1. Inspect all residues belonging to region 103-114 and state whether any of them is modelled with pLDDT of 90 or more, part of a helix (DSSP H, G or I), loosely packed, with under 12 Cβ neighbours inside 10 Å and within 25 Å of the chain's Cα centre (by Cα).
2. Among the residues of region 284-305, what is the count of those that are in a helix (DSSP H, G or I) and either modelled with pLDDT of 70 or more or in contact with a strand residue (DSSP E or B) (Cβ under 8 Å, 6 or more places away or on another chain) (or both)?
3. With respect to Thr83, is the statement that it is β-branched (Val, Ile, Thr), open to solvent by 50 Å² or more (accessible area, probe 1.4 Å) and touching a residue at least 12 places away in the same chain (Cβ under 8 Å) true?
4. Just to check your reading of the model, which residue among Gly189, Gly205, Gly196 is surrounded by 14 or more Cβ atoms within 10 Å (Cβ to Cβ) and free of Cβ contacts under 8 Å to residues at least 60 places away in the same chain?
5. Can you tell me which residues in region 95-117 are small (Gly, Ala, Ser) and without any contact (Cβ under 8 Å) to a residue 40 or more places away in the chain?
6. Would you say Val229 is over 24 Å from Phe134 (Cα atoms), buried (at least 18 other Cβ atoms within 10 Å of the Cβ) and at pLDDT below 90?
Amino acid sequence: MSEPPGATIAAPEAPPAADEPSEPLAAQRVLPLRRPGRRIATAVALVLVAQFAHGLVTNPFYQWDRFGYWFLRPTILDGLVITLEVTAYSAVLGLLGGILLALARLSKSPVLRAVSWTYVWALRSVPLIVVLLFLYNFSALYKTLSIGVPFGPAFFSFDESKLATDMAVAVVGLSLNEAAYAAEVVRGGILSVDQGQHEAAAALGLPKGYQFRKIVFPQALRSITPNYVNQLIGLIKSTSLVFYVSLLDLFGSAQSMGSTYPGDIVPLLLVVTVWYLILTSIVSVIQFYVERHYARGATRTLPPTPFQKLRTGLTDLRARIRREAAV
């Protein structure tokens, strides 16, 4: 079809290039998804926390002036030292006993497996307070202990009442109880190691003890650490039961002072609560860094530290505020 003389042919409009936006960038801003439920829940939580904090500070029943008086008293600090000593001794002995019990449970000897299973079953079934009271009255059952030939002559004999001090009874009782739970924690950690690691170590001809110390146990620690730290936190709180075997730990000291000063029972309980919170918080921080250490080689990137999380959170918060302000 011919065009009339003098007419011009309009060129077709070229489509926009793929890398050129068809609209201004301001019109393409992605708006954040509104989450009213989350904001309402956050507001409710903040209100409840504020009410709790206000009541905690303003309620005269708590007697914060007496709390400040008792918090660093020598009696309380002496009890705190005893709590730390009992916890440290029991944690070390309980973990060592748990490792031995776990190895016995995993051994090929049916006798060792039966003994280990029976011990774990019995100690996990009996309340800790019963174990402590039984050991405290152990001298009534056995006045002397001896080592020698079964049903034969004794080589060594000693008076049990002289050895069973209050500290010894508390440490032994807590260690026996802790070993039963630690055995299952350690056994679970060992079983979590891939079977190929055991086979590779055996193929190299490494001794069994070397395999366990250098290959199996370091890998098992990644699973053992968080579980055993939970046990350790429970052990710290369980030390409050040694008061019933006449050992004045942190709780026992506060209980003794509460009997002498009945009007200060609530401040003394708050003192004990705060000290236990401090101890468990320290253990939790140590747990984080121990887990972070053993995570090397198992994860591509190490988990961020609390300070790194705080810095990242503040950066994200500022960015979110700027985005919402721009909208």
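The values are calculated or read from the model by the stated rules, or taken from the named source; none is laboratory data. Small disclaimer: the values here were computed from a predicted structure and weren't measured. Glycine also receives a Cβ, built like all others from the backbone with ideal geometry; neighbour counts cover every protein chain displayed. The protein model used for the area step is the full one, side chains on, heavy atoms only, and it has no ligands, DNA or RNA in it. Shrake-Rupley method; radii C 1.70, N 1.55, O 1.52, S 1.80 Å.
1. no
2. Going through region 284-305, the residues in a helix (DSSP H, G or I) turn out to be 284-294.
Next, only the ones that are either modelled with pLDDT of 70 or more or in contact with a strand residue (DSSP E or B) (Cβ under 8 Å, 6 or more places away or on another chain) (or both) stay: 284-293.
The number of residues fulfilling the criteria is 10.
3. Details: β-branched (Val, Ile, Thr): yes; open to solvent by 50 Å² or more (accessible area, probe 1.4 Å): no; touching a residue at least 12 places away in the same chain (Cβ under 8 Å): yes.
No; evaluated as a whole, the condition is false for this residue.
4. Values: Gly205 fails: surrounded by 14 or more Cβ atoms within 10 Å (Cβ to Cβ); Gly196 fails: surrounded by 14 or more Cβ atoms within 10 Å (Cβ to Cβ).
Within the list Gly189, Gly205, Gly196, the selection yields Gly189.
5. Quick first cut of region 95-117, residues small (Gly, Ala, Ser) only: 97-98, 102, 104, 107, 109, 114, 116.
Within region 95-117, Ala104, Ser107, Ser109, Ala114 meet the criteria.
6. Working: over 24 Å from Phe134 (Cα atoms): yes; buried (at least 18 other Cβ atoms within 10 Å of the Cβ): yes; at pLDDT below 90: yes.
It is true that Val229 is over 24 Å from Phe134 (Cα atoms), buried (at least 18 other Cβ atoms within 10 Å of the Cβ) and at pLDDT below 90.
Residue-by-condition table, conditions (1) over 39 Å from the mean Cα position of the chain (by Cα); (2) in a helix (DSSP H, G or I); (3) modelled with pLDDT under 70; (4) within 24 Å of Ser223 (Cβ to Cβ):
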{"position": "Phe155", "(1), (2), (3), (4)": "yes, no, yes, no"}
{"position": "Phe158", "(1), (2), (3), (4)": "yes, no, yes, no"}
{"position": "Ser161", "(1), (2), (3), (4)": "no, yes, yes, no"}
{"position": "Gly173", "(1), (2), (3), (4)": "no, yes, no, no"}
{"position": "Ala182", "(1), (2), (3), (4)": "no, yes, no, yes"}
{"position": "Val186", "(1), (2), (3), (4)": "no, yes, no, yes"}
